[in-house]
Amino acid sequence: MEKESFEDVEVAKILNESFIAIKVDREERPDLDNIYMEVCLGLTGSGGWPLTLFLTPDKKPFFAGTYFPKHSMGQHSGLIELLTIIREQWKDNKSELVNSAEEITRIIKENIGNINQHELDEHIIEKCFNTLEMTFDPKYGGFGSQPKFPTPHNLLFLLRYGIYHKEPKALEIVEKTLIQMYKGGIFDHIGYGFSRYSVDNKWLVPHFEKMLYDNAILLMTYIEAYQLTHKELYKDIAEKIITFVLNEMTSEQGAFYTAIDADSEGEEGKFYLWTINELKTILTPLEYNFLIKHFNVTDKGNFEGKTILNLIHWDDEYLFDFDNNMLEKIHIKLYNVREKRIHPHVDDKILTSINALMISSFALAGKIFNNQKYLDIAETAHEFIMNNLVTKEYRILARYREGEAKYLGYLDDYAYFISSLIELFLATGKHQYIDKALDFNTRMITLFEDVDHGGFFQTGKDSEELIMKTKTIYDGAIPSANSVVTMNLLRLAEITDDISLTNIAREQFKYFSEKINWTPQAYTYMLSAYLFYQASKRKIVLVADKNSKALSETCAVYNTKYLPFTTNIILHKETLASSKIFTDYHNFTNEMAAYICEDFQCNDPIFSKNEIINTINKMKVF
């Protein structure tokens, strides 16, 4: 629509004469996006982007839709015709449109607030798995047919479900999907990183846009898959995602950009595509012959006469065993040539919520891969947020760009930022991170909680007055704010033994139960939180000097085990005295102590490193 209509002189003339045109960046203003998407869904039964609405001057909607071509085509109404009709109706029947807007706003408001609270269905976890299994594509992985989205939080749920219920099928679904996505063109085999989604069922042809949030959650998923299986392929893919993020989406100050456009020079995917003649020119005959076999390159290409490099034709086993110096030489040559092309535009907004999501992934990578560099990157990005996107009054802001921080932070910003603080604490043992997490969690509850009915609003009590307040729960492209809040509450409760936080989380399940019970597969991250709530849990507290060799050796062993319902806390003796939370872990003369608690019952501390490691090695999931 931007190219067809909003940059078109004829359309612009009508708009400027009779309307006030407002373009909203849905990433900067998710509050507006949520409200008006609810309107579109209510009026048309479906939604999506671009999202097009007509409002009265007091911002109440009377017409909504998604895509409108410049002129009518088939069943698509044309924007010029629509503008003409609405202009005439506003002139002749203004009062009717105003009344309609009032009524639409009232009904949408009532529907949003009209929630029946129940307990979650006792079989809700199994129902979610069964639905995902039914929609799973056994040939190419993923869910449904086309287009296919990665939705990695579905895979994170299945990892936990598979372990919890000893269900190998769940783990098969995860591995098949992770491998097939990597084999496809949705993964950039030259510059790395994943595109937004695939337009076909086998992950070959992507919508070439690359989003920070997709790569952040996919990074998390590949890390967990590696931790569970110890298959080096998953670690390799995770580190390729990291390479991409550092090369293409990291600012000089260490924060992360939002997205990379699909188009360059006016053509989608042009930056990423190859022709046969080009490849022959770049590579030696030996390299070229290797390339066409490895990446299945043909004369006719696989996308508009050109080629998207992919590995779809190979059996999965090939990927685990493949190691070839020839491929590395080819990769360097193609990367260097591609770097000289005109690059797609980078959306250099720095969003608090998505930066926090990437910080969590880097912290997890640093911990599981035992890589201090990744932890340093996470901490640098955290400092950027603290220095640029948190006010002196400790109010989080949503967006930073070119020296300007703007918009009071939304629930997403608080939820993801608190989650990143939890990950940083668990990865580094630095108690300032858990102190901040608890502080911001308290501020979040004060700002966003609906104390009368339940759940958390998208906007804070100090935000601008909009026509209605919404509560996000749908786990779409990324987990919803309310889902992340719920997981945070449970993890903080486990770390601090504060049962009041568990009680708030339990109310979250009850408040949103009607929606979750109806379509559980749409709320997989909330159900991951529910699985964490239900499961028997274990807490290991390791207390030692910061530079203790015994501590690092013990953590190296623990981090090789996939224990999603176990919380491993590191406390450094040097800072323990100043902590207000961990006062129960008294001083001792040994180099290290391990306190192990299961289901609120704690054993005597273990002081022998070998005994601690043996105990961890024998641990089951729960």
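Among Thr281, Thr496, what is the fewest-to-most ranking by other Cβ atoms within 10 Å? Write out the running numbers ahead of the final one.
Numbers: Thr281 10, Thr496 16.
Lowest count first: Thr281, Thr496.
Taking the Cβ of each residue in Ile104, Ile350 as the centre, tally the other Cβ atoms inside 10 Å and list the residues starting with the fewest.
The fewest-first ordering by Cβ neighbours comes to Ile104, Ile350.
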Cα→Cβ-extended label distance, 7 Å offset, between Thr519 and Ala577, nm: 5.7 nm
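Take the alpha carbon gyration tensor of region 420-536, find the square roots of its eigenvalues, order them as a ≥ b ≥ c, and report rounded if a/c is under 1.5; if not, report prolate when a/b exceeds b/c, else oblate. Provide the component values of the computation, followed by the final result.
Values: a/c = 1.75, a/b = 1.21, b/c = 1.44.
Here region 420-536 falls in the oblate category.
Would you calculate a helix-derived [θ] at 222 nm for the chain, using -39,500 (n - 2.57) for each DSSP H run of n ≥ 4 and dividing by the full residue count, to the nearest 500?
On the way: 24 runs with 312 residues, N = 622.
Mean residue ellipticity at 222 nm (helix-derived): -16000 deg cm²/dmol.
Using DSSP to define loop residues, name the chymotrypsin sites (Phe, Trp or Tyr not before Pro) in region 215-251 whose beta-carbon has at most 16 other beta-carbon atoms within 10 Å.
On the way: sites: Tyr222, Tyr226, Tyr234, Phe244; in loops: none.
Filter output for region 215-251: empty list.
Can you pull the percent of Cα pairs in region 499-622 with separation above 20 Å? Don't jump to the answer; show the numbers that get you there.
Numbers: 4034 of 7626 pairs.
Counting every Cα pair in region 499-622, those more than 20 Å apart make up 53 percent.
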Can you tell which of Phe194, Gly65, Ile330 lies farthest toward the positive end of the dipole of the chain, using +1 and -1 charges on the Cβ of basic and acidic side chains (Lys, Arg; Asp, Glu)? Ile330
Integer Hz, Karplus 6.51/-1.76/1.60 couplings in order for region 583-588, x for Gly and Pro: 7, 7, 9, 6, 6, 8
Could you pull the Rg and Dmax for the chain, using just the Cα atoms, both in Å? 25.8, 86
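Under 1.5 on a/c is rounded, so check that first for region 502-574, then, if it is not, pick prolate when a/b is larger than b/c and oblate when it is not; a ≥ b ≥ c are the square roots of the alpha carbon gyration tensor eigenvalues.
Working: a/c = 4.26, a/b = 2.63, b/c = 1.62.
Here region 502-574 falls in the prolate category.
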For the chain, which cysteines have no second Cys with its Cβ under 4.7 Å from theirs? Cys40, Cys128, Cys555
Could you give the Stokes-Einstein D for region 117-164 in µm² per second, using the C-alpha Kirkwood radius, 10 °C, 1.306 mPa s? 133 µm²/s
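Once a ≥ b ≥ c are taken as the square roots of the eigenvalues of the Cα gyration tensor of region 229-355, is the result rounded (a/c under 1.5), prolate (a/b larger than b/c) or oblate (a/b not larger than b/c)? Let's see the in-between values first.
Working: a/c = 2.04, a/b = 1.29, b/c = 1.59.
Here region 229-355 falls in the oblate category.
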From phi via Karplus (6.51, -1.76, 1.60), per-residue ³J(HN,Hα) for region 264-272 in Hz, x at Gly/Pro: 9, 6, x, 10, 5, x, 4, 4, 9
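Nothing charged except the Cβ atoms of Lys and Arg (+1) and of Asp and Glu (-1): what's the magnitude of the dipole of region 2-113 about its Cα centre? Round to the nearest 20 debye. Could the numbers behind the result be given before it?
Numbers: 13 positive and 20 negative charges, 31 e Å.
Roughly 140 debye for region 2-113.
Please go through region 1-110 and write out the trypsin sites (Lys or Arg not before Pro) that DSSP classes as loop and that have at most 11 other C-beta atoms within 10 Å.
Counting only loop positions with at most 11 other Cβ atoms within 10 Å, the trypsin sites (Lys or Arg not before Pro) in region 1-110 are Lys23.
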Residue by residue through region 196-213, the couplings from Karplus 6.51 cos²θ - 1.76 cosθ + 1.60 with θ = phi - 60°, in Hz, x for Gly and Pro, are 4, 6, 10, 7, 10, 8, 10, 6, 7, 9, x, 7, 6, 5, 10, 10, 4, 5
Taking H as built 1.01 Å from N, whose amide H comes closer than 5 Å to the amide H of Phe63, not counting residues under 5 places away? Phe54
Subtract the Cα-Cα distance of Thr84 and Asp450 from 0.36 nm times their separation in residues, and report this length gain in nm to one decimal. 127.6 nm
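Each value in this text was obtained by applying a stated rule to the coordinates, not by laboratory testing. Please read these numbers as outputs of a predicted model, since none were measured by experiment. Using ideal geometry, Cβ is built from the backbone for each residue, glycine included, and neighbour counts are taken over all protein chains shown.
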